[in-house]
Amino acid sequence: IYSAIEIPLENGTFTVVEVQQLLGDNKIRAVSMRSTDGLKRGAEAIDLGAPISVPVGTPTLGRIFNVIGEPVDEQGEVIADETLPIHREAPAFTELETKPSIFETGIKVVDLLAPYRRGGKIGLFGGAGVGKTVLIMELINNIAKAHGGVSVFGGVGERTREGNDLYEEMKESGVINENNFADSKVALVYGQMNEPPGARMRVGLTALTMAEYFRDVNKQDVLLFIDNIFRFTQAGSEVSALLGRMPSAVGYQPTLATEMGALQERITSTTQGSITSIQAVYVPADDLTDPAPATTFAHLDATTVLSRGLAAKGIYPAVDPLDSTSTMLQPGIVTETHYEIAENVKETLQRYKELQDIIAILGIDELSEDDRLTVARARKVERFLS
């Protein structure tokens, strides 16, 4: 199970499939990582004797890979000294970093009101055009400057156009250095919407494997972006149906929690380094009780909610200070002062939110002296947090 098998095609290319079920009588059922065009009965199949393995380390920086670790950016071959299998055990309890520590992002609204945990998992919520890319670029730059860390971006089942836009923006901002790839701060792994479900289900593991190498061998702090974690679940449900498993609630795979756990448990802080993961979460039909987002929430340490209202005001990053939450914002983890200031800021912004209806109908002059002061403060705070 999970062994990779290579099938050469007549046109000189090959397809890689991954063993999913052993049917007995020397037959297996495998899931393809590429389009199955050109496959036929009796074609030669070569057992690689190991799971899909991908290049890791510095040679991956600045490059774009597919699920099986091939470069797809037309920048030539990647010569990596090491490759690692994408299916690996999560770190043992004895290797984990037990003391919770804050991961400083350098983004005011995040560090003050919903701080990230080093080695934690953060859910990023927000529709199209509310500045997800801006936030991602900011984080990649900050981790490289402040922590000497690198980032890995896993594009899971999203639009190819967006993946391309992100790549171009990274080149413009210097996150990817075209003249010397080793100076780049990010490696990209894409398995977008047009790929078969097998590829979309495994591309997250490919990105994670690259991130693990930077953590375990290079002992760095790593940022892992997964866009979008829902597509990972969605691909798993397609594969599950193809394998003939009985679907569970809402048609999802019966192994939903297991698959999610296998991915998420590998994202953690060890005594050597950390992988902090930021996962864009698509919520189907805005139903938070849907099994896919509900299973994801169980793993998250913090949520960053992007607000269209703030983006419309031109306040970037458009992080909603009242909707975003974090398990790290508690006395004992952050300082007492930090905690009190954060609570006061939230209180002021909450009061401002309540007063907005009155201002819209009657105007600001109808408010009491205290309320006017609150509004003035809240507006200053809003601008300060941009």
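No value in this document is a laboratory result; all are computed from the given coordinates. No experiment lies behind these values; they were computed from the predicted model shown. Neighbour counts run over all protein chains shown; Cβ positions are idealised from the backbone, glycine included.
Rounded to whole Å, give me the distance from the Cα center of the range 94-162 to that of the range 239-266. The range 94-162 and the range 239-266 have Cα centres separated by 26 Å. With 10 Å bins beginning at zero, the pair-distance distribution over Cα atoms of the range 172-250 amounts to 16, 36, 30, 13, 5, 0 %.
Farthest towards the positive end of the charge dipole of the chain, among the residues ILE52, ALA262, SER151, is the Cα of ALA262, using unit charges on the Cβ of Lys, Arg, Asp and Glu.
Need one word for the range 336-384: rounded, prolate or oblate. Basis is the Cα gyration tensor (sqrt eigenvalues a ≥ b ≥ c); a/c below 1.5 gives rounded, then a/b vs b/c decides. Because a/c hits 1.5 or more and a/b exceeds b/c, the range 336-384 counts as prolate. Restricting the calculation to Cα atoms, the chain yields a radius of gyration followed by a Dmax of 22.9, 84 Å.
Just rank THR233, THR160, fewest to most, by other beta-carbon atoms within 10 angstrom.
On the way: THR233 26, THR160 13.
Lowest count first: THR160, THR233.
With neighbours defined as other Cβ atoms within 10 Å of a residue's Cβ, the residues THR348, THR105 order from fewest to most as THR348, THR105. Hydrodynamic radius of the range 1-89 by the Kirkwood approach over all distinct alpha-carbon pairs: 14.4 Å.
Normalised by the number of residues in the chain, the mean separation of alpha-carbon contacts (under 8 Å, six or more apart) gives a relative contact order of 19 percent.
Filter the chain for me: DSSP H helices, axial length by Cα at least 27 angstrom, mean Kyte-Doolittle hydropathy not below -1.0. List them by residue number.
Working: long enough: 197-216 (29 Å, -0.09); 336-362 (39 Å, -0.51).
Helices passing the filter in the chain: 197-216, 336-362.
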